[in-house]
There are 2 protein chains.
Amino acid sequence: MARAATTADAFNAVAEPRRRQILDALAGGERPVNDLVRLLDLAQPQVSKHLRVLREVGAVDVRDKGRQRLYRLNGHALKPIHDWVKNYERSWSERFDQLDVVLEDLKQKEEGNGSE
Amino acid sequence: MARAATTADAFNAVAEPRRRQILDALAGGERPVNDLVRLLDLAQPQVSKHLRVLREVGAVDVRDKGRQRLYRLNGHALKPIHDWVKNYERSWSERFDQLDVVLEDLKQKEEGNGSE
DNA sequence: TTGACACATTCCCATATGGGTATATGATTG
DNA sequence: CAATCATATACCCATATGGGAATGTGTCAA
């Protein structure tokens, strides 16, 4: 067996630096492909291919506008990554234990307020 | 050019599900290779190869004990991933703005206490 | 020393890249 | 309709897999 497809999940899609650059660029808002081509200094077909991968894992959405295609970030697809890596935060954050207590406290208060 | 090496950085290393499983297993503490072989239900050479990748990106450390090799998690290598994905948390956490304010407040107090 | 045990490394192979280049598709303009 | 602009796809190729199988290396026991 070979390596898993980059479209297998967000972890694989985001392993490629160019694709992280694209997401970072889209964090500022919707952008057409040519914008990304200039920003990344990469050939247009390559950018389109990276965008395809990001679309397949749901990290970006597209919208047509005349002859342009506007890509927009959909960070929701990155949640699994965040959820997974969050559990290792203890390893480097010495104040995590402290923060943990505070967050737990916050959660209690919030439930008390019944704001959901 | 082909895909970047899995040993290029933590992002690539962690794109492989088996390697995430290994890290999760090591989260409980130091373990010999055979433990992982049983837990992952994977052949020993494959486990050793995955461990090599994780070692090369600094996600695990090794220690010799007789004929065993005890692997230990080093979550510090995962910090770059956390730092990157953290910026997208807004996308799915509706209460992020609220939390943001609280954290900012905490930061202020902390600096006031001069606890570093 | 010999054998067993715990791992690491090597070799083989099917597969999926990521970039380069050429070309197809779709919309807009003249 | 023809020409042009904005993208997407198709192809080619060098490269790095991840698993399977066999073998090498170091340690402990008899």
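The values are calculated or read from the model by the stated rules, or taken from the named source; none is laboratory data. Please read all numbers here as calculations on a predicted model, not as lab measurements. Using ideal geometry, Cβ is built from the backbone for each residue, glycine included, and neighbour counts are taken over all protein chains shown. To get the accessible areas, we keep the full protein, side chains included, count just its heavy atoms, and leave off ligands, DNA and RNA. Shrake-Rupley method; radii C 1.70, N 1.55, O 1.52, S 1.80 Å.
So, counting K/R as plus one and D/E as minus one, what does the shell of residues with Cβ under 14 Å around residue A:1 add up to?
On the way: positive: A:3, B:18, B:49; negative: B:16.
That works out to +2.
Kindly report, to the nearest 10 Å², the accessible surface of residue B:81 as traced by a 1.4 Å probe over protein heavy atoms only.
10 Å²
If you take the accessible area of B alone plus A alone and subtract the pair, what total do you get in square angstrom, rounded to 100, with a 1.4 Å probe?
Details: alone 8710 and 8730 Å², together 14250 Å².
Result for this pair: about 3200 Å² buried.
Please compute the average number of Cβ atoms from other chains found within 10 Å of each residue's Cβ in peptide B:18-27. List each step's numbers first, then the result.
Values: counts 1, 1, 3, 0, 0, 4, 3, 0, 0, 4.
For this peptide, the per-residue mean of nearby foreign Cβ atoms is 2.
Starting from one equal scatterer on each C-alpha and no solvent at all, send me the Debye-based log10 I(q)/I(0) for region A:10-78 at q = 0.20, 0.27, 0.28 Å⁻¹, two decimals.
Here the Debye-derived log intensity ratios amount to -0.71, -1.36, -1.46.
Summing +1 for each Lys or Arg and -1 for each Asp or Glu, what net charge is found among the other residues whose Cβ lies under 14 Å from the Cβ of residue A:69? Walk me through the intermediate numbers first.
Details: positive: A:31, A:49, A:52, A:55, A:63, A:65, A:67, A:72; negative: A:30, A:35, A:61, A:64.
Residues near residue A:69 contribute +4 overall.
Sort A:40-48, A:53-61 by the packing proxy (mean of other Cβ within 10 Å over each peptide's residues), most packed first.
Numbers: A:40-48: 12.9, A:53-61: 19.9.
By packing density, highest mean first, the sequence is A:53-61, A:40-48.
List the residues of region A:73-88 that lose 30 Å² or more of accessible area once all protein chains are present, compared with their chain alone (1.4 Å probe, heavy atoms only, no ligands or nucleic acids).
A:75, A:76, A:78, A:79, A:81, A:82, A:84, A:85, A:88
Take every residue in peptide A:10-16, count the Cβ atoms of other chains within 10 Å of its Cβ, and give the average of those counts.
Values: counts 2, 9, 7, 1, 7, 13, 5.
Per-residue shielding by partner chains comes out at 6.
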